C-alpha cells in the first residue's frame with residue numbers, strides 16, 4: 001500500500017485538465033483520494049506484488065487569489081521542532097549568528113539568503129535521513145536539505161515555517177522541488193534558498209512540517225522499490241523573472 005502525493009493541490013488554480021493513471025502489471029489498481037490540509041491530496045494505492053506504473057498529467061491555470069491567513073494552529077505547528085527540522089538544537093547557533101530584525105518576513109528572507117550563500121547545491125550529496133543539522137555541518141545538499149535548514153533556522157528564530165512540495169518550471173535537472181513558506185503578519189511568504197526556479201511559477205502539491213509530510217510516495221504497508229521516475233513542468237510562454245526580494249505567495 002502506497003500514499004502518493006503527486007497531484008496538484010486543489011487550491012493551486014483552475015484545472016483545465018487532469019488525469020491520474022495507476023497500473024499494476026498493466027491493469028488498473030485500486031486508488032482512493034484523501035483530502036489533506038492546505039488543499040493537498042493524497043492518493044492511497046492498494047495493490048499486491050508487481051510492477052506499478054503511475055502517470056499524472058495536469059494543465060492548471062494559476063490565478064491570483066487572496067493569500068491564506070496563517071491560523072493560530074498553523075503557526076503553532078510551524079514553529080515547533082519536527083523530525084527533519086530539529087530547531088531546538090539550533091537556537092544557540094541562530095542567536096550567535098544574527099541580530100534578528102523584528103519583522104518575521106525580514107527574518108525569513110535574511111535566513112533564506114544566508115542558506116543560499118552557505119550551502120552548495122550538489123545532487124546526491126545527502127541521504128533521506130539527513131536532518132537540518134546534518135546539512136548545516138555538511139555545507140551541501142539538495143532542495144529538501146536547503147528547505148529543512150531554512151525551516152529549522154526560522155523556527156529557531158521564532159518564525160513559523162513549513163515545507164511545501166511543488167512543481168517548479170525552470171528547475172534543472174527537472175524534478176519535484178521543495179520550498180519554504182514563512183508566516184508573516186497576514187500571509188505565508190515563499191522562501192526558496194536554492195533560487196533554482198522563479199517562485200511565481202510554482203504549483204503547490206503538498207504542505208507539511210517537513211519532507212516526512214510531503215514525500216511524493218510513502219510506503220504504508222509492504223515494500224516498494226523506485227525503479228525510474230520522470231518529472232516535467234512547464235509554463236505557457238516565458239518564465240517569469242524572480243528578483244528574490246518581492247513577497248510571493250502560493251495559492
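Laid out as a table, the results:
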item	result
Test: residue in segment 14-27 that is out of contact with any strand residue (DSSP E or B) (no Cβ under 8 Å at 6 or more places or on another chain), outside any helix (DSSP H, G or I) and surrounded by 12 or more Cβ atoms within 10 Å (Cβ to Cβ)	yes
Residue that is farthest from residue 108 (Cα to Cα) [pool: residues in segment 218-238 that are within 20 Å of the chain's Cα centre (by Cα) and touching a residue at least 60 places away in the same chain (Cβ under 8 Å)]	219
Residue within segment 96-103 that is under 20 Å from the mean Cα position of the chain (by Cα), in contact (Cβ under 8 Å) with a residue 60 or more places away in the chain and not in a strand (DSSP E or B) present	no
Residue under evaluation residue 203, criteria (1) under 23 Å from residue 15 (Cβ atoms); (2) over 18 Å from the mean Cα position of the chain (by Cα), criterion not met	(2)
Residue match in segment 143-155 (condition: free of Cβ contacts under 8 Å to residues at least 60 places away in the same chain, part of a helix (DSSP H, G or I) and either surrounded by fewer than 24 Cβ atoms within 10 Å (Cβ to Cβ) or at positive phi (or both))	no
Of all residues in segment 45-73 being surrounded by 14 or more Cβ atoms within 10 Å (Cβ to Cβ) and over 23 Å from residue 3 (Cα atoms), the one that is modelled with the lowest pLDDT	67
Out of 69, 77, 60, sole residue that is assigned to a strand (DSSP E or B), touching a residue at least 60 places away in the same chain (Cβ under 8 Å) and either out of contact with any helix residue (DSSP H, G or I) (no Cβ under 8 Å at 6 or more places or on another chain) or at negative phi (or both)	60
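Each row is one residue, and each column tells you yes or no for (1) surrounded by fewer than 16 Cβ atoms within 10 Å (Cβ to Cβ); (2) within 18 Å of the chain's Cα centre (by Cα).
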{"site": "94", "(1), (2)": "no, no"}
{"site": "110", "(1), (2)": "no, no"}
{"site": "114", "(1), (2)": "no, no"}
{"site": "123", "(1), (2)": "yes, yes"}
{"site": "135", "(1), (2)": "no, yes"}
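The values are calculated or read from the model by the stated rules, or taken from the named source; none is laboratory data. Keep in mind the model is a prediction, meaning the values are calculated, not measured. Positions of Cβ are backbone-derived with ideal geometry, glycine not excepted, and every protein chain shown enters the neighbour counts.
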